[in-house]
Each structure stands twice: as structure tokens, then as C-alpha cells.
Amino acid sequence: MANKITTQSYFIKRLKDSGYLVYRLFDEYSESDPRNWTVMIDPGHASIFCTCYVNHGDMFGETYFEFYDGGQFIPEKFKLKTDSIEVIITYLVKYGINNKSELYNSKQNPKL
């Protein structure tokens, strides 16, 4: 279960391995709340909030990701149901959120 993108640490690791800067924001929602965790992708530039929902809706076990940035890059609140980090990265790139952020590059390659 640790290697599922619905696991916050695995989701963050996979995005970081792909060159994204990701901040862990919150993961202590109540048991009755379908939100599992929230992270911020590309903080300081696109600042995309990504929330993972588990057991949301009528069917037990339904999971999806909601992306929101106030309409800067992503129109409305974009919901994506997938088990693949590659699909998530494809949509991030489609909306102009790529791993070439100046903030990311400055943290990874500090000037000596």
C-alpha cells in the first residue's frame, strides 16, 4: 500500500523525482471527511493545491485528486481519477505547470 499515489509520501516522492517542488500541507482530516491529504505543487509559481479524496461519493473505495489554484493555470477545480503519476504529470504539463520552475532550479542548483 505504500507504493500507491494515494499515499501522500509516495505521491510527493514521485513528483519530486520528476523535478517538481512539492510541499506537504495537511494530512489530519477527520475520519468522516473524504479528504485524505493536501499538498502544494510548484509553490511560489503556480502554487497548485492538490487534495486526495478517498471513499468520496456513493461508492466505497472511490478515490480522486482535486487540483485548484484559483483559476490561474487550471480552470475551475479540476478533478482527476487515476492510479498513475504519469497521468497527473501529463495534466500538469498540459496546464503549464512544469518542472522547470525557477524556484525549483534555485533550490536544487544553488550558486556556489
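The values are calculated or read from the model by the stated rules, or taken from the named source; none is laboratory data. None of the values given here were measured: they were computed from a predicted structure. In this analysis, Cβ positions are derived from the backbone assuming ideal geometry, glycine residues included, and neighbour counts consider all displayed protein chains.
Taking first residues from segment 67-82 that are under 9 Å from Phe49 (Cβ atoms) and partners that are assigned to a loop (DSSP other than H, G, I, E, B) and among the basic types (Lys, Arg), the Cβ contacts under 9 Å between residues at least 6 apart in sequence or on separate chains come to Phe67/Lys77; Tyr68/Lys77. Here Lys107 meets each of (1) assigned to a strand (DSSP E or B); (2) modelled with pLDDT under 90; (3) not small (Gly, Ala, Ser) with one exception, condition (1).
Looking at Met1, Met59, Met40, which is the one that is at pLDDT 90 or above and of a type in the set (A, V, I, L, M, F, W, C)?
Just one listed residue meets the conditions, Met40.
For segment 7-35, the candidate set comprises residues that are surrounded by fewer than 18 Cβ atoms within 10 Å (Cβ to Cβ) and touching a helix residue (DSSP H, G or I) at 6+ places or on another chain (Cβ under 8 Å); within that set, the residue that is modelled with the highest pLDDT is Arg24. Within segment 4-53, the set of residues being in contact with a Lys or Arg (Cβ under 8 Å, 6 or more places away or on another chain), touching a residue at least 40 places away in the same chain (Cβ under 8 Å) and part of a strand (DSSP E or B) comprises just one member, Cys52.
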